[in-house]
Amino acid sequence: LRPLLLPDSSASPLRVSWGWGEAVPSSVYLWPVAQVGHLLGVVVVATQTALDAGRLAFVEELLPMVAMNLEILARNAKTRELLQEAQRQSHTLAQSRATTTSLLNAIPDVIFYKTAEGVYLGCNEAFASLIGRPVGEIVGKTDYDLYPREVADYYRSDDVAVLALPKGRSLEEWVDFADGRHLLLDTVKSPFWDDNGQLLGLLSIGRDVTERQQEKERLDQERAKLQEILDASPLGVGITVNGVARMLNPMLRTMIDAEVGRSISNIYVNPSDRDRIVDGLKQQRVIRDVEFAIYNRERQPRTMLVTFMRIDYENDSGVLVWMLDITGTKTKKGATRGKS
């Protein structure tokens with residue numbers, strides 16, 4: 001590229017310094033500096049006298065070196081920008097990891113996540129306490145580094161099976177912690193993918209449900225005791241929902257013509273008695289000691305002393321019934337009055 005000589009140097013803001021001060025240059029030369037067709041900069045030379053051919057040639061010989069230096073400076077500046085951006089990203093990533101670690105450790109659930117090949121990418125302190133190792137000794141390892149081979153084989157086969165599922169699966173299992181605790185964990189294992197649907201690995205979250213299981217066992221024991229009482233009761237006891245028998249104790253099964261899962265509307269000798277009870281329970285929770293004529297299993301009318309109570313049963317509105325067959329008592333009282 002040839003230099004450009006400004007035709008009117010007096011308009012230039014440049015000044016030439018010399019022994020007596022500064023003066024407006026008589027000549028201003030502009031050399032574009034380019035590398036592979038890319039403009040890197042411009043070399044400006046302002047003089048009091050025009051440059052002869054030798055000096056012009058000397059400046060032009062320097063231009064490739066100037067271009068190389070400008071290229072190096074530009075690359076250095078770009079490298080500094082990239083380094084600064086990398087440092088910012090590294091700082092942001094470190095903050096994100098610290099936040100994630102804090103959140104995971106604040107969760108009491110047992111959490112870990114692995115690659116699809118079984119390498120631990122991370123976990124929380126709850127999982128670390130389960131296997132009795134620091135988090136730093138878990139990340140980057142596989143189950144074969146942490147457990148006996150037969151245990152590792154089991155975990156790996158289970159992971160492979162879960163990775164083949166579209167939504168993972170849940171499982172309740174008893175586990176022994178390294179500190180001696182024996183807990184029931186409700187564990188959810190699921191694959192996870194990137195935005196392009198590429199399989200990345202496996203996430204596992206195990207929640208301690210030991211207290212819930214213990215409460216369930218306690219309730220089961222109480223239900224069993226209550227069932228023993230009901231089975232031995234001399235009173236007939238039952239529960240109905242929407243007129244259908246849902247529970248009948250042994251005594252009630254022998255007293256009336258009813259079966260679990262079947263409507264009891266046909267046990268009343270007088271159907272209007274049932275309608276009267278249904279209407280009454282809308283007004284009050286308990287109707288006590290009412291005498292009704294009810295068919296027994298042989299479809300013979302018997303006199304029953306019955307109490308009804310509205311209850312909640314299996315997320316529905318039901319009626320608890322207990323009754324006593326007083327037919328014999330009524331017959332004896334009638335015979336006594338006859339003799340009198």
Can you name every residue in region 298-309 that is over 14 Å from residue 238 (Cβ atoms) and not acidic (Asp, Glu)?
299, 300, 301, 302, 303, 305
Write out, first by first residue and then by second, each pair whose Cβ atoms fall under 6 Å of each other, whose residues are 6+ apart or on separate chains, and whose first residue, in region 135-153, is among the hydroxyl-bearing types (Ser, Thr, Tyr) while the second is assigned to a helix (DSSP H, G or I).
144/152
Region 139-156, residues that are open to solvent by less than 70 Å² (accessible area, probe 1.4 Å) and farther than 15 Å from residue 104 by Cα:
140, 142, 143, 146, 147, 151, 152, 153, 156
Please state which of the following conditions residue 280 fails to meet, knowing it meets all the rest: (1) surrounded by 13 or more Cβ atoms within 10 Å (Cβ to Cβ); (2) within 45 Å of the chain's Cα centre (by Cα); (3) of a type outside the set (Asp, Glu).
(2)
Only one of 243, 318 that is under 48 Å from the mean Cα position of the chain (by Cα) and on the phi > 0 side of the Ramachandran plot:
243
Residues within region 89-117 that are in contact with a Lys or Arg (Cβ under 6 Å, 6 or more places away or on another chain) and either open to solvent by 70 Å² or more (accessible area, probe 1.4 Å) or more than 21 Å from residue 183 (Cβ to Cβ) (or both), tallied:
0
By residue number, the members of region 122-138 that are in contact with a helix residue (DSSP H, G or I) (Cβ under 7 Å, 6 or more places away or on another chain) and loosely packed, with under 14 Cβ neighbours inside 10 Å are 134
So residue 167 clears everything in (1) outside any helix (DSSP H, G or I); (2) more than 21 Å from the chain's Cα centre (by Cα); (3) among the basic types (Lys, Arg) except one condition, right? Which one?
(2)
Of these, 237, 278, which one is assigned to a strand (DSSP E or B) and among the hydrophobic types (A, V, I, L, M, F, W, C)?
237
Within region 256-272, the count of residues that are part of a helix (DSSP H, G or I) and either open to solvent by 20 Å² or more (accessible area, probe 1.4 Å) or under 18 Å from residue 227 (Cα atoms) (or both) comes to 4
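Determine which member of the set 16, 45 is open to solvent by less than 70 Å² (accessible area, probe 1.4 Å), among the hydrophobic types (A, V, I, L, M, F, W, C) and modelled with pLDDT of 75 or more. Explain how you work it out, then say what you get.
On the way: 16 fails: modelled with pLDDT of 75 or more.
Answer to the selection: 45.
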Considering only region 232-245, I want to know if a residue exists there that is over 19 Å from residue 309 (Cβ atoms), open to solvent by less than 80 Å² (accessible area, probe 1.4 Å) and of a type in the set (Val, Ile, Thr).
no
Out of all the residues in region 37-93, which are more than 55 Å from the chain's Cα centre (by Cα) and polar (S, T, N, Q)?
47, 48, 49, 69
From the option list 179, 159, single residue qualifying as in contact (Cβ under 8 Å) with a residue 40 or more places away in the chain and open to solvent by 80 Å² or more (accessible area, probe 1.4 Å) is 179
Return the residues of region 170-212 that are in a loop (DSSP other than H, G, I, E, B) and either of a type in the set (A, V, I, L, M, F, W, C) or within 20 Å of residue 129 (Cβ to Cβ) (or both); say none if nothing qualifies.
177, 178, 179, 180, 181, 209
Members of region 293-322 that are surrounded by 12 or more Cβ atoms within 10 Å (Cβ to Cβ) and among the polar types (S, T, N, Q):
296, 303, 307
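The values are calculated or read from the model by the stated rules, or taken from the named source; none is laboratory data. It should be emphasised that the depicted structure is a prediction, and the values quoted were computed from it without experimental measurement. Cβ sites come from the backbone with ideal geometry, for glycine too, and all protein chains shown count toward neighbours. Side chains included, ligands, DNA and RNA excluded: accessible areas come from the protein's heavy atoms. Shrake-Rupley method; radii C 1.70, N 1.55, O 1.52, S 1.80 Å.
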